[in-house]
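Student: Input: one structure, supplied below.
Each value in this text was obtained by applying a stated rule to the coordinates, not by laboratory testing. The structure presented is a predicted model; accordingly, all values stated were derived computationally and were not measured. Virtual Cβ from ideal backbone geometry, glycine too; neighbours counted across all protein chains shown.
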Amino acid sequence: MLNKIKYLLNSENIIHIVKAKLFYDYGSEVVLKCTVSEISEGPNVNLESMQLKRITSFKQINEENISIIQDIIGQDKMRLWQYKINEKNTFLFIATINGEFANYTWATLGKKYKPWPFVKKDDIVFGPCLTYSKYGKKGLYSKVILYICNNYFNDNLKRYAYGVCNVDNIWSAKGLIKGGFKEIGIYKRKIILGISAVKQIKPKI
C-alpha cells in the first residue's frame, strides 16, 4: 500500500494511469481457453533451471532484469506496472533461468477482468505475457502457465483459464496451444471514457 501511495505522488505516473483508465486501445487480441485440469507442459520442455516467482514489489527483481524488461516493454508500461502490481486479484509472475529474466506473465481473476462477457468470476485470464527472445521457442510459456496453475490456482481444476495475446504475438499463442488451450476467436478491445468495449472480429477457426 505504501509503495502505491509513493507511486501516486508522482505527477507523471498519475497522468499515465488516468490515460490508461479512460482511453486505451488494446488492439486485436487472440483469446484461447481450456480448463485448468487440461493444461499441460507441452512437448519437449526441459527447463529445469527455471525459477518462477510471484512479484509483489519491484524490490524482488534485480536491477539488471528490470533494465531488460524496461527495454522490451518501454518506460510508460513499466510505470503502469508499478501501479498494477498490488491491485487485488491481479498477479505478476517473473520467470528466470540461471538468474536472468526469461518471461513475465500477468494473471487476473475473472472477477477483476470485467471487459470479457464470457469470463466468470472464478476463471483465470493470462496475459499480457512475454518471453525474452533468448529463451523463445523452447516451450517456456506453457511451463510457466502450468506452474502458476499448480501452485496458485489449484483449488478448482474445473475453472476455465483464458490466454490473451496480441494477434502479432504468434509465439505466445502457439505456446498456449501446445499447453492445451484452444482458440475461441479474435477480439478487439478498447477503453473509452472508462467504459470497456469488446467486439469479436473473427470467430474461432
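Student: List the chymotrypsin sites (Phe, Trp or Tyr not before Pro) in segment 62-137 that DSSP assigns to loop (not H, G, I, E or B) and whose Cβ has at most 16 other Cβ atoms within 10 Å. Which are they?
Tutor: The qualifying sites are PHE118.
Student: Which entries in LYS174/LYS199; LYS111/LYS202; LYS134/LYS174; LYS121/LYS202; LYS77/LYS121 show an alpha-carbon gap greater than 19 Å?
Tutor: LYS174/LYS199; LYS111/LYS202; LYS121/LYS202; LYS77/LYS121
Student: Hey, another quick one. Per-residue HN-Hα couplings for segment 130-144, Karplus 6.51 cos²θ - 1.76 cosθ + 1.60 at θ = phi - 60°, whole Hz, x for Gly and Pro?
Tutor: In residue order, the calculated couplings are 7, 9, 4, 3, 4, 10, x, 6, 10, x, 5, 4, 5, 5, 4 Hz.
Student: Follow-up question, since we're still on this one. Can you compute the modelled spin-label distance between THR56 and VAL167, with each label point 7 Å from Cα toward Cβ, in nm?
Tutor: Computed distance between label sites THR56 and VAL167 equals 4.0 nm.
Student: Here is a further query. Just in segment 61-123: which GluC sites (Glu not before Pro) are loop by DSSP and have at most 16 other Cβ atoms within 10 Å?
Tutor: GLU87
Student: Of all trypsin sites (Lys or Arg not before Pro) in segment 83-132, which ones are in loop regions per DSSP and have a Cβ with at most 16 other Cβ atoms within 10 Å?
Tutor: For trypsin sites (Lys or Arg not before Pro) across segment 83-132 that sit outside H, G, I, E and B with at most 16 neighbouring Cβ atoms in 10 Å, the list reads LYS88, LYS111, LYS112, LYS120, LYS121.
Student: In which sequence would ASP123, ASP168 go, from the one with the fewest C-beta neighbours within 10 Å to the one with the most?
Tutor: Sorted ascending by nearby Cβ count, the order is ASP168, ASP123.
Student: Same structure again: Calculate the FRET efficiency for LYS174 and ASN89 from the Cβ-Cβ distance with a Förster distance of 30 Å, rounded to the nearest 0.05.
Tutor: Working from the Cβ atoms, E equals 0.60.
Student: Modelled label-to-label distance, LYS121 and LYS158, 7 Å Cα→beta-carbon offset: nm?
Tutor: Placing both labels 7 Å along Cα→Cβ, they lie 1.7 nm apart.
Student: Could you calculate the contour length gain from MET78 to GLU64, that is, 0.36 nm times the residue separation minus the distance between their Cα atoms, to one decimal place in nm?
Tutor: Extra length available between MET78 and GLU64 comes to 3.6 nm.
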